[in-house]
Amino acid sequence: MRKIAMILAVLVITACNSTKKRTSGNTSKFTVENLGDLAAEDIKRNYPDANVKEGADMFEEETEERPFTILYPGTTDELHITWQDKERTKIHDLRYAQNGRWKSETGVNIGTTYEDLNKMNGKKISFYGFGWDYSGAVDWNGGKLEKSGLRVFLKPGNELLNKFYGDKIIEATPEEIEALDLKVGSIMINYAI
């Protein structure tokens, strides 16, 4: 009987340790980094109320076809996941663009201001122009968030001048940046790097 109890104790401890490895230290169900090691079946099991939608589509400026999964479609908790494989066992990236329950363990969230991003990064960020596929993409410039895997896309709160459009790093005065009222409009974590 003692041997059986010892074996069960070892199995329980092993199972608990493997669960810990699947999270990034934050135990919130809606911390996006906690999804990184999960396959589609794990995600469906962990989010049974997510009204999951699946399909395949073109990504990377229409150059790559990938399977995708959408959790909580049509709600503020909508989350898009693209997969590296047809079996949906390895996440390519995930993204969200609404201020619902999904959060990043970095503290960067939908609506985070340009000023706050600079503070969190510990170094001034740069950003790309608007009006294209990677509109408002942030470059961390070697700051604290560089290796976080987080890709952030800014959204202007005010009208844009023509000089702020296009696939280029934006050169702007502090007054112009302030006038744009930039905030995080969408967040992506890329696991295929």
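The values are calculated or read from the model by the stated rules, or taken from the named source; none is laboratory data. If you're wondering where the values come from, they're calculated on a predicted model, not measured in any experiment. Positions of Cβ are backbone-derived with ideal geometry, glycine not excepted, and every protein chain shown enters the neighbour counts. These accessible areas exclude ligands, DNA and RNA; they are computed on the full protein's heavy atoms, side chains included. Shrake-Rupley method; radii C 1.70, N 1.55, O 1.52, S 1.80 Å.
Note on the chain: with neighbouring protein chains present and a 1.4 Å probe, carbon and sulfur make up 52 percent of its accessible heavy-atom surface.
Return the inverse of the average 1/r over all pairs of distinct C-alpha atoms in region 94-176, which is the Kirkwood hydrodynamic radius, in Å to one decimal. Each step should come with its number before you reach the end.
On the way: mean 1/r = 0.0741 Å⁻¹.
Answer for region 94-176: a Kirkwood hydrodynamic radius of 13.5 Å.
Using the Karplus relation 6.51 cos²θ - 1.76 cosθ + 1.60 with θ = phi - 60°, the per-residue 3J(HN,Hα) values for region 158-168 come to 10, 4, 9, 7, 3, 5, 9, 9, x, 7, 7 Hz, with x marking Gly and Pro. Relative contact order of the chain, taken over Cα pairs closer than 8 Å and 6 or more residues apart, is 17 percent.
Dipole orientation for region 95-193: of the candidates Thr106, Gly185, Thr173, Thr106 has the Cα lying most toward the positive pole (charges on Cβ; Lys, Arg +1; Asp, Glu -1). The alpha carbons of region 64-103 stretch over 29, 18, 17 Å along the principal axes, in descending order. A 1.4 Å probe run over region 67-110, with the rest of the protein chains in place, finds 44 Å² accessible per residue.
Please give the peptides 117-126, 158-167 ranked by average Cβ packing (other Cβ atoms within 10 Å per residue), highest first, as a rough proxy for protection. Don't skip to the answer; put the middle values down first.
Numbers: 117-126: 15.2, 158-167: 12.0.
Descending mean neighbour count gives 117-126, 158-167.
Under 10 Å, Cα contacts only: if you run a Gaussian network model on the chain, which one of Glu171, Glu60, Glu146 comes out with the highest mean-square fluctuation? Evaluated over the chain, the most mobile residue of the options is Glu60. Counting only alpha carbon atoms, the long axis of helix 2-21 and the longest principal axis of the chain meet at about 10°. Annotation: Cα Rg of the chain relative to the compact-globule expectation 2.2 N^0.38 Å equals 1.21.
When you count, for each residue, the other Cβ atoms within 10 Å and take the mean per peptide, how do 49-58, 72-81 rank with the highest first?
Details: 49-58: 12.5, 72-81: 17.5.
Answer by packing, highest mean first, reads 72-81, 49-58.
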